[in-house]
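Chemist: Sharing a structure below in structure tokens format, with a few things to ask.
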Amino acid sequence: MREFLVAGNWKMNGSAAGNEALVSGIVKGTPDGVGYRMLVCPPFAYLSSVAGLLKGSNIALGAQNVSQFDSGAYTGEISPSMLKDVGCEFVIVGHSERRAMFGESNEIVAAKFVAAQGAGLLPILCVGETLEQREAGTTEQVIDAQLDAVLDAAGIGAFEQAVIAYEPVWAIGTGKTATPEQAQAVHLHIRKRLAGHDGELAGRVQILYGGSMKGDNAPGLLGMPDIDGGLIGGASLKANDFLAIAAAAARD
Ligand code: PGA
């Protein structure tokens, strides 16, 4: 059975004092139960300090972005091996905000995915359609192109050590969540696309949902057969909100 991953994407939020309160709240309130794991992805500036705050817990640390390059003259960039060095296990690649605002193409995202794995990080590959694409009926084509760029660059075997996050752009930070049925349909499509390459492996890949996930809608989403957790923005910034989603993922 696939485990749930409850991943907090803090985006460009936080402060030294605020992070301390948030992480201690999450650590103290970690729900009992099995079958799930929590992950927090703070901004780069706080990775080391949050790594310290997480010591002794089993909450994982991840980054929100990474360079596709290994080292050298790339002012302002952070390499995969640096993330590994400061204690990251995961890194988000291809978040829609990076695709839309920072010009990350499918090819750049694929290069980041490959570089992250090269350093031993688990990439969380974000895919998802805009509202216009959904309304034009091209959701599956958009997601296929996003997935195929990574499949071409890394091969299906790479998904053994990766997570996918389906994040409909129209649901991110808008309070509009995909219904469990809408999300499940796309998750199943993603799994089938991977199964076209390797059915057994496709059955093991964790596929998270992201987009206005909260404590009250998490049980419905996590109850769907192909939804294996959440990538959570807004609701990961308050310990109780994040813990409510973790509680929905915990099994007896
Ligand atoms: P949201 O963000 O939960 O605030 O909608 C999700 C994300 O962008 O990862």
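The values are calculated or read from the model by the stated rules, or taken from the named source; none is laboratory data. This is a predicted model, so every value here is computed, not measured. Cβ atoms come from the backbone with ideal geometry, glycine included; neighbour counts cover every protein chain shown. Each accessible area value is taken on the protein alone, full model and side chains, heavy atoms only, with ligands, DNA and RNA left out. Shrake-Rupley method; radii C 1.70, N 1.55, O 1.52, S 1.80 Å.
Chemist: Return the only residue of G8, G87 being of a type outside the set (D, E), at pLDDT 95 or above and open to solvent by less than 20 Å² (accessible area, probe 1.4 Å). Before you say what the answer is, go through the steps one by one.
Modeler: Values: G87 fails: open to solvent by less than 20 Å² (accessible area, probe 1.4 Å).
Within the list G8, G87, the selection yields G8.
Chemist: Here's a follow-up. Closer than 20 Å to L231 by Cβ, open to solvent by 60 Å² or more (accessible area, probe 1.4 Å) and in contact (Cβ under 8 Å) with a residue 24 or more places away in the chain: is that true of F44 in this structure?
Modeler: On the way: closer than 20 Å to L231 by Cβ: yes; open to solvent by 60 Å² or more (accessible area, probe 1.4 Å): yes; in contact (Cβ under 8 Å) with a residue 24 or more places away in the chain: yes.
So F44 fits the description; yes.
Chemist: Moving to a separate point now. Quick test of your reading of the structure: M101 fulfils all but one of (1) within 16 Å of the ligand (Cβ to nearest atom); (2) open to solvent by less than 10 Å² (accessible area, probe 1.4 Å). Name the failing condition by number.
Modeler: Of the numbered conditions (1) within 16 Å of the ligand (Cβ to nearest atom); (2) open to solvent by less than 10 Å² (accessible area, probe 1.4 Å), the odd one out for M101 is (2).
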